[in-house]
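Below is one structure, written out as C-alpha cells, with a few remarks after it.
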Amino acid sequence: MNFFPQSIRWRIQLWHTLLLVVIIAALLAAFFQNQREIKYQALDRELNNPITRLLPRMERRRKPPPRTRRLPRPEPLDGFDDEFGPDPESGPRPRRGSDVEDGRGPTLDEVVEDLAGDDIFVIQWDRDGGLRFASENAPEDLTPIPDEIPRGGERMSKRTVAGYREVIHTTPGGSFLLVGTAIAPIEKDLASLQMRLVGIGTLIVGGGFLVGWLLIGRSLKPIGVMSETAHRISDGDLSGRIEIKEDGSELGQLSSVLNETFEKLETSFEHQVRFTADASHEMRTPIAVILAKSQFALSRERSPEKYQEALQTCMDSAQHMRMLTDALLELAKVDSGEFNLDKESGDLEDLTRKVVRMIEPLADEKKIVIRCELAPVKMKFDTQKMRQSLLNLLSNAVKYNCEEGEIEVVLKNVEGEVKLSIRDTGPGMNEGMREHIFERFYRADKVRTRTGKTGTGLGLAITKAIVEAHGGRIEARSEVGVGSIFEISFREQD
Amino acid sequence: MRVLVVEDQDDLREIVAETLREESFAVDESADGEEGLYKALNWDYDIIVLDIMMPVLNGWEVLKKLRKEKQTPVLMLTALDQVRDKVKGLNHGADDYLAKPFDLAELVARVRAVIRRNGGEHRPEVTVGKVTINTTSKTLKVNDNEVDVTAREYAMAELMIQHRDEVVTRDFLYAHLFDENDESMSNMLDVYVYKLRQKFGKDFIKTRRGQGYIVEGI
C-alpha cells in the first residue's frame, strides 16, 4: 500500500507544509519558552526584593538586642533604612516615618507583614525546620523545606511547587526565609500567550499552505498543460501543441522541445497516412481489374478467346501489382534504414553504356535517338542499384518523350564532381510538377497514363533514394514544350 | 437504359462497359473527365458511372460542372473509400458511391437501383395491365407466364414501362436504347415495337401518330 500521494503537487505541498510546521513550531516554542523565563525571572526578582530587604533585619534580630543597645550604631539603622527607604514600587510606608522618628525601626513582624502583600506570602522556619512565622495569606498545605537545601551558609534557591513559586533563602544563621506567590496569574498569562501563539502559528501555516498551494500549482501548471496536450495527441489529435508562456524556464524549454517532437511526429504521421492511402489506392486499381475481369469471365459461358483475354488482363494486373509491391518493399527498406549498399569500385561509363543498350529497343519503337557523350569515370557504387536508377531515368526519358524525339546522355567529371545528365525532348514539366516529381506516387503524366503501361509512381522516389544513399544529389530541370533534364551528381570519392 | 462509363483505367472501363452491355444497357465510354463531361452534357443518360481519380478533369469537377446543368443520376466509382470521401461524394450530388475493388454484381445492382429510384420507382417489380416486369431478374411475365425476350426487347419494354402513361418519342427511345456505336437505323425501332406487340399483345404499346408511343398503366 502506498499512502504517500502520487501527485507531485501534493508531495511538494506536504513537504513544504511539514517544513513550515516544524519551523514555525520551533520558533514559537522558543519564543514561548523565552517569555516564560522572562516572566519567572521578573517574578523571582519580585520575590527576591523582600528577602534582600528582610535579611539585614533578620541579621540584626539574630544578634542579641542588648548588644545593639549597648553599642548604638546608627549606621546599620541607616543601612536598613537605605534598604527599605528608596523603594518606589512598594509605595509609601506609613510606619517608616515613626520608625525613624522613634529611632527603633519596625519589628521584623511588622516588616514581614508589610511585605506580605495580597499576592506574596512570607514564611520563616528556624534551622531545625520549626515554623517560626507565616503570613496570613500563606497556603495551608505548606511544602516543607526539602532536605537537600543545605543548612547554613547564605544561599538562595528557587522552586515551583504545588502551584506556587517560592524563593527560599538560607540565612547565615541557619533559618530559612521563604517568599512565595501563587503562579496561577502568570500561568494564566502564559496559557493565553500560548493560545495566541498557537493561533498565530496556525494562521502562518495555513497561509503558507495556501500560498504554497497556489505557487506550486502555478509552477506545475505547464506540466498539466503538457500532460493534457500529450493526452490529446495520444488520443489521435496530432495537431495539439503546448502553449509556451515562459521561454526561459526549464518547463518552457521542455515544452518547446516537446512541441518540436510533436511537429515531427505529425509530419511523419501525415506522410505515413498519405503514403498508405496512396499505396492502397494504387493497389486497388489492379485488384479491381482482376476481380471484375474474373467475375465477368465467369458470369456465363464464354468463348475461349474471351477467357484468354480475361486471363491476360488478370496477369497484366498481377504483374503491375508485383512491380508495385517490389517498389513499396524497397521504399520500406529506405524508410527503416535497411537500405544497404553493396559498393564496389566500378566504371560508371561502362554501366551507363550497358543501360543505354538495354533501353535502345524501347526507344526504337518510338523512333527515339539516344546520343551518348560519356567520359570515363571510375568510382565506388552498388552496381545493381545504380543500374536500377539509371534504367529508371532512361525508361522515363523514353516513356515521356515524343515520337521521333531524342535523348542525350552526358557523363562527365568536372573538377572532382561526377555529373550524369539525361535530357529528353518530351513535353516537359511546369514548376508545380517539377517540385513534386520525386515524391512517392506523384505522377506528372496523368494526361498520358493511357498511352502505354502505367508505372508505379515510385520510380523516381526510389531513384532519388539510391542516389542519395551514394552520397549524391539528383535534380530535375524542365521547360514546358522543350523537355526535361535529370541530373545526378556525385562528389568524387577517394 | 443508356449508361455513360467514365473511367481512365482502360481494363476496368472495358469490363464495366461490357458487363453493363450484357445486362442490356446501352453503354458509352469515356477515358477522361473532360470527354466524359462533354458526353454527359450532350446526351441524356439514365446513369453515369464516374471514376474520381482521373486525368484532365477529376470526378469531383465533372460532377460539379454537370450538376450546374443536369440532374443525371451519378454513381461514383473510386479507390478512395474513407467515409469522408463517401460523404463528400454524396454531398456533391452523387446518387451512390462504390469503392474499388467492387463486385460486378453489386455494381449492376446499384446501377439498377439508382435508375429505379430516379424514375420514382422503388420496387423492382411493376405490373402494367397483364404484363409484369422484374428489373432485378430482368424477366417479363404475361399472366404469370414468363416470356422469352432478347436483351434489346427487354430494354425497350423496361423503358416503356418506366415511362408508362407518358408519350415516348422515337428520339427518346433512340437516345436511351442505342449507344454511340449502334447504327441509328430508324426501322430498328419499328422492329422492336412489332416484336413486343407480338409477345405482349397489340395493346401493350400504342402508337400516337406523329408523337410517339405510349404504354398505358392501370
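Just a few scattered comments:
- If you go through the range A:318-338 and pick out every residue that is open to solvent by 60 Å² or more (accessible area, probe 1.4 Å) and among the hydrophobic types (A, V, I, L, M, F, W, C), you end up with 2.
- Number of positions in the range B:114-126 that are at pLDDT below 90 and either within 14 Å of chain A (Cβ to nearest Cβ) or surrounded by 14 or more Cβ atoms within 10 Å (Cβ to Cβ) (or both): 7
- Any hit, the range A:10-21, residues being assigned by TED's automatic domain parsing to the domain that holds A:T171, among the hydroxyl-bearing types (S, T, Y) and open to solvent by 50 Å² or more (accessible area, probe 1.4 Å): no
- Beta carbons closer than 9 Å, at least 6 apart along the sequence or on distinct chains, pair a first residue in the range A:293-321 that is among the acidic types (D, E) with a second that is open to solvent by 70 Å² or more (accessible area, probe 1.4 Å) for A:D316/A:K453.
- Test: A:G252 is more than 14 Å from chain B (Cβ to nearest Cβ), modelled with pLDDT under 80 and surrounded by fewer than 18 Cβ atoms within 10 Å (Cβ to Cβ): no
Residues checked against (1) in a loop (DSSP other than H, G, I, E, B); (2) open to solvent by 40 Å² or more (accessible area, probe 1.4 Å); (3) farther than 28 Å from B:I48 by Cα:
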residue: B:N181; (1), (2), (3): yes, yes, no
residue: B:L189; (1), (2), (3): no, no, no
residue: B:Y194; (1), (2), (3): no, yes, yes
residue: B:K202; (1), (2), (3): yes, yes, yes
residue: B:G210; (1), (2), (3): yes, yes, yes
residue: B:E216; (1), (2), (3): yes, yes, yes
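- Answer from B:L41, B:L20, B:L37 - the residue that is within 12 Å of chain A (Cβ to nearest Cβ) and among the aliphatic types (A, V, I, L, M): B:L20
- Single unsatisfied condition, A:E373 versus (1) modelled with pLDDT of 90 or more; (2) part of a helix (DSSP H, G or I); (3) open to solvent by 70 Å² or more (accessible area, probe 1.4 Å); (4) not small (G, A, S): (2)
- Long-range neighbours under 7 Å by Cβ, at least six apart or interchain, first residue outside the structural domain of A:G163 (by TED's automatic domain parsing) within the range A:187-206, second open to solvent by less than 30 Å² (accessible area, probe 1.4 Å) and of a type in the set (S, T, Y): A:V205/A:T17
- Annotation note: of B:L140, B:L90, the sole residue that is modelled with pLDDT under 85 and touching a strand residue (DSSP E or B) at 6+ places or on another chain (Cβ under 7 Å) is B:L90.
- Entry remark, the range B:93-109: residues being modelled with pLDDT of 85 or more and away from chain A (no Cβ under 14 Å) number 4 in total.
- First in the range B:1-15 and more than 28 Å from B:M160 (Cβ to Cβ) and within 8 Å of chain A (Cβ to nearest Cβ), second anywhere and acidic (D, E) and open to solvent by 10 Å² or more (accessible area, probe 1.4 Å), Cβ under 6 Å, 6 or more apart: B:D8/B:D32
- With respect to the conditions (1) on the phi < 0 side of the Ramachandran plot; (2) at pLDDT 90 or above; (3) more than 60 Å from the chain's Cα centre (by Cα), A:K367 lacks only one, and its number is (1).
- Test: residue in the range A:312-322 that is more than 12 Å from chain B (Cβ to nearest Cβ), within 53 Å of the chain's Cα centre (by Cα) and either closer than 30 Å to A:D235 by Cα or among the β-branched types (V, I, T) (or both): no
- Apart from one condition, A:E301 fits all of (1) within 60 Å of the chain's Cα centre (by Cα); (2) open to solvent by 70 Å² or more (accessible area, probe 1.4 Å); the exception is (1).
- Within the range B:207-218, residues that are modelled with pLDDT of 85 or more have Cβ atoms under 8 Å from residues that are surrounded by fewer than 11 Cβ atoms within 10 Å (Cβ to Cβ) in these pairs: B:I214/B:D165; B:V215/B:D165, counting only partners at least 6 apart in sequence or on another chain.
- Some residue of the range A:324-334 being under 23 Å from B:D85 (Cβ atoms) and more than 10 Å from chain B (Cβ to nearest Cβ): yes
- For A:N401, the requirement of being crowded, with 17+ Cβ neighbours inside 10 Å, at pLDDT 85 or above and not in a loop (DSSP other than H, G, I, E, B) is not met.
- Residues that are outside any helix (DSSP H, G or I) and open to solvent by 40 Å² or more (accessible area, probe 1.4 Å) within the range A:192-246 comprise A:D235, A:G236, A:D237, A:S239, A:R241, A:E243, A:I244, A:K245, A:E246, listed in sequence order.
- Members of the range A:272-305 that are more than 9 Å from chain B (Cβ to nearest Cβ) and more than 19 Å from B:D11 (Cβ to Cβ): A:Q272, A:V273, A:R274, A:F275, A:T276, A:D278, A:A279, A:E301, A:P304
The values are calculated or read from the model by the stated rules, or taken from the named source; none is laboratory data. Note that the coordinates shown come from a computational prediction; the quantities given were computed from them, not determined experimentally. So basically every Cβ, Gly included, is an ideal-geometry build from the backbone, and we count neighbours across all protein chains shown. All accessible areas refer to the heavy atoms of the entire protein, side chains included, with ligands and DNA or RNA removed. Shrake-Rupley method; radii C 1.70, N 1.55, O 1.52, S 1.80 Å.
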